[in-house]
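Just below is one structure, and these are the notes that go with it.
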Amino acid sequence: MTGQDGISTVQDSKTDQKTDAAHAADAPAVAAVNVGKVFDGKRGAQVVALEDINLTVARGEFVSLIGPSGCGKSTLMRLIADLDQPTSGELTVFGKSAQQARLDQDYGIAFQQAGLLPWRTVRQNIELPLQLHKVGKAERTERSTELLKLVGLTDFGDNFPDQLSGGMQQRVAIARALAESPNLLLMDEPFGALDEMTREHMQGELAHICAETGAAVVFVTHSIPEAVFLADRVVVLSPRPGRIRAIVDVKFSGSVERTEHLRESDVFFSSVSEVREHLHGSADANPLGVDN
Ligand SMILES: Nc1ncnc2c1ncn2[C@@H]1O[C@H](COP(=O)(O)OP(=O)(O)O)[C@@H](O)[C@H]1O
Ligand SMILES: [Mg+2]
């Protein structure tokens, strides 16, 4: 069960529920095999949202998902997060069912709206998942202090969300998603509501946080430069029904720090062009709902 703000409210214990731990130890973060999703539409009409999705996300890997509006990106995220179930194929998270991974709190979620609780301070928002899982006060304070530092909000713990800018609120949401040290982050257009400058700044911050925590990330965006800047691999989906059209290995993946210089580099542009060509069939076209 998941509350409005994307926080798991399931009380199951983290320790004794882990299935097949030995097997899970070397399993990838996400493995989708022939995954499909069909929704029942109005009057018996069916909507095929996803078809034959085969994708493996390694531990510690950053994968961006990009594709036209309505191609099934959010649907795929919801399947991984066990907020919905595939109609065909098999999906595992750290070698377990998506449901078991959710019960084990193997991932953190951050979506487009920061989804903070306005009546709780920044620190209390970050501590919410810990509080729901009955972590004691001293440990919560220690963890939230660490996380506030990580996302650069040390001086804002006692503020309320509406006293912060959009970018700062999104950083709080990311800190909250990291609260339980997940090995996987699921992010669905987390920077979609931010202005361009804040957005680029947040991309740099996220790259830094990922390098520090070593978490795998599945990141949905409709911005080609954002997808490329952050990812080790960019998965390009086709218009509905969403299928994987191409997987682009980002040329600089792993080898460089994600700094502002990178955005001006030839290697960055060549990956951007490659993704654009897969999306549109040519370097100049511009399909619905994708930013170049
Ligand atoms: N609960 C639902 N019931 C019926 N159709 C849905 C549901 N959720 C999504 N869809 C449809 O599935 C397709 C993919 O949606 P979505 O995953 O939200 O796309 P994206 O995130 O790529 O924009 C769309 O055509 C959408 O209308
Ligand atoms: Mg979506």
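Throughout, read-outs are computed from the coordinates displayed, never taken from laboratory work. Keep in mind that this is a model prediction, so the values were computed, not measured. Positions of Cβ are generated from backbone atoms using ideal geometry, with glycine treated the same way; all protein chains shown enter the neighbour counts.
Determine which aspartates and glutamates satisfy two conditions relative to LYS37: a Cα distance under 12 Å, and not lying fewer than 8 residues away in the same chain.
Within the straight-line limit of under 12 Å, LYS37 reaches these aspartates and glutamates: GLU51, ASP52, ASP84, GLU90.
Given the Cα-Cα distance of PHE160 and ILE247 and 0.36 nm per residue of separation, how much length would full extension add, in nm?
Extra length available between PHE160 and ILE247 comes to 27.2 nm.
What does the charge add up to near LEU65, with Lys and Arg as +1, Asp and Glu as -1, over the other residues with Cβ less than 11 Å from its Cβ?
Once positives and negatives cancel, what remains is 0.
How high is the relative contact order of the chain? Use alpha-carbon pairs under 8 Å, at least six apart in sequence, and give a whole percent.
23 percent
How much mean residue ellipticity at 222 nm does the chain get from its helices, if each DSSP H run of length 4 or more adds -39500 (n - 2.57) and you divide by all residues, to the nearest 500 deg cm²/dmol?
-10000 deg cm²/dmol
Name all residues of the range 105-128 having a backbone nitrogen under 13 Å from the label point set 7 Å from the Cα of THR145 along its Cα→Cβ direction, giving them as ranges.
Within reach of a label on THR145: no residues.
I'd like to verify something in the chain: which complete DSSP H helices, judged by Cα projection on the helix axis, reach 15 Å or more and average at least -0.5 on the Kyte-Doolittle scale?
In the chain, the long hydrophobic H runs are 122-132, 166-178, 266-280.
Between THR213 and VAL267, what is the label-to-label distance in nm when each label sits 7 Å out along the Cα-to-Cβ direction?
2.6 nm
Please report how far the C-alpha centroid of the range 219-278 lies from that of the range 73-101, rounded to the nearest whole angstrom.
Measuring centre to centre over Cα atoms gives 24 Å.
So how much slack lies between GLU90 and ALA193, counting 0.36 nm per residue of separation and subtracting their Cα-Cα distance, in nm?
Working it through step by step, the gained length comes to 33.8 nm.
Calculate the FRET efficiency for THR259 and PHE39 from the Cβ-Cβ distance with a Förster distance of 51 Å, rounded to the nearest 0.05.
0.75
Which three numbers, in whole Å and largest first, are the semi-axes of the equivalent ellipsoid of the range 113-181 derived from its Cα gyration tensor as √(5λ)?
Taking √(5λ) for each Cα gyration eigenvalue gives 18, 12, 11 Å.
Compute the orientation-averaged projected area for the chain from the convex hull of its Cα atoms and round it to one decimal in nm².
15.8 nm²
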